[in-house]
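Let me begin by presenting the structure, written as structure tokens, before commenting on it.
What follows draws every value from the coordinates through simple rules; no lab data is involved. All values reported here derive from a predicted model rather than from experimental measurement. When we count neighbours, we look across all protein chains shown, and the Cβ atoms used for this are built from the backbone with ideal geometry, even at glycine.
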Amino acid sequence: MTTDHPVAGDDVVVSARRVVKKFGDTVALGGVDLEVRRSELVVLLGLSGSGKSTLLRCLNGLHPTTDGAVTVNGTRVDLASRAELRALRRDVGFVFQHFNLVGRLSCLENVLIGAVGRLRLPRYGKSTYPKRMRTEALAHLDRVGLAELADRRADTLSGGQQQRVAIARTLMQQPTVLLADEPVASLDPENAGVVMDLLFRVCMEDKLTVLCTLHQVDLALGWAHRVIGLRGGEKVLDRPAVGLSREDAMEIYRRVDPADATIATAATS
Ligand SMILES: Nc1ncnc2c1ncn2[C@@H]1O[C@H](COP(=O)(O)OP(=O)(O)OP(=O)(O)O)[C@@H](O)[C@H]1O
């Protein structure tokens, strides 16, 4: 199912201004500007190595920026103290390609781990969490359609199911921003659609700001409010998904072949 792109909110929650990130001599980001609003799902597209993951990591302070300004929920991430970064990361959920669940724990226990930042002391085992949190965790599992698997070991689930548990765990954090780094890269097309649908629903229903990297143009066009393209660490496209054709989006993948300076299309789908 694809969305009809309901309108995103007005207020800017995530902003990057002329962000530069260098790893030694490698310029991963060469001065990127970005704004993402509340209730907006933005998809980042680009060839491998174009800087998508680096940009996500600069937004939650996992990578310190080399230059430029990053503001998330009013916090200047590039200037933040350790304590401010810790507080920020409670507010910014991160969904990974490989789910990062604890395989030997149940689905419910994995979701409860998302609440750790809201507790003063670490907990071990679901019975050590307050009852209201267990109820909340179960509600999140229900929301992702997996309540009946609450007591199943996470490593017995399919990839698509594991990603849904990982999203439930992120929701347990009560984030306002959700960053997803290739959340469907390990999934078949059907499960990829289910996960994108879920990200879109939580974006709209919980008024989350969602920024997601993908390699699939069609998924971006199907679920994003806006598509941003990176090429060689530069932003080369920033347009609403409505009205953006597949051909326009595929332009992101065109590059100059240094051997003969002709334009080559680098991606096929
Ligand atoms: N920790 C690091 N140390 C050194 N170089 C890095 C590091 N992380 C990323 N890079 C480099 O920065 C550039 C951008 O990498 P990045 O992972 O952000 O690209 P990407 O678009 O997310 O790629 P992919 O689609 O393959 O995940 C690449 O040249 C990469 O080699």
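Does region 186-243 come out rounded, prolate or oblate, given a ≥ b ≥ c as the square roots of the eigenvalues of its C-alpha gyration tensor, rounded meaning a/c under 1.5 and, failing that, prolate meaning a/b above b/c?
oblate
What percent does the relative contact order of the chain come to when contacts are Cα pairs within less than 8 Å and at least six residues apart?
So the answer I get is 26 percent.
Give the angle, between 0 and 90 degrees and rounded to the nearest 10, that separates the Cα long axis of helix 189-205 from the longest principal axis of the Cα atoms of the chain.
80 degrees
Springs between alpha-carbon pairs under 10 angstrom, Gaussian network model over the chain: which of Asn73, Asn110, Asn100 fluctuates most?
Taking springs between Cα atoms under 10 Å, the residue moving most is Asn100.
For a quick check: with amide H placed at 1.01 Å from N, whose amide H comes under 5 Å from Ala180's, ignoring anything fewer than 5 positions away on the same chain?
Val95, Leu211, Cys212, Thr213
Given the options Glu136, Glu190, Glu251, which has the most mean-square fluctuation in a GNM of the chain, springs set between C-alpha atoms less than 10 angstrom apart?
Glu190
Here is the link list: Lys207/Lys235; Lys126/Lys207; Lys52/Lys235; Lys21/Lys235; Lys22/Lys52. Which ones come out longer than 20 Å on Cα distance?
Going by Cα-Cα distance, Lys207/Lys235; Lys126/Lys207 fall outside the 20 Å limit.
Over 10 Å intervals from 0, what percent of Cα-Cα pairs in region 38-190 sits in each interval?
Spelled out per bin, shortest first, that is 11, 36, 34, 17, 2.
Of Asp181, Asp197, how do they rank once you tally other Cβ atoms within 10 Å and put the fewest first?
Asp197, Asp181
How far is helix 159-172 tilted, in degrees, relative to the longest principal axis of the Cα atoms in the chain, given as a value from 0 to 90 rounded to the nearest 10?
80 degrees
For region 48-135, what class follows from the C-alpha gyration tensor (a ≥ b ≥ c being the square roots of its eigenvalues): rounded when a/c is under 1.5, otherwise prolate if a/b is larger than b/c, else oblate?
oblate
When the chain is modelled as a GNM with alpha-carbon springs shorter than 10 Å, which of Thr128, Thr170, Thr156 fluctuates the most?
Largest GNM mean-square fluctuation: Thr128.
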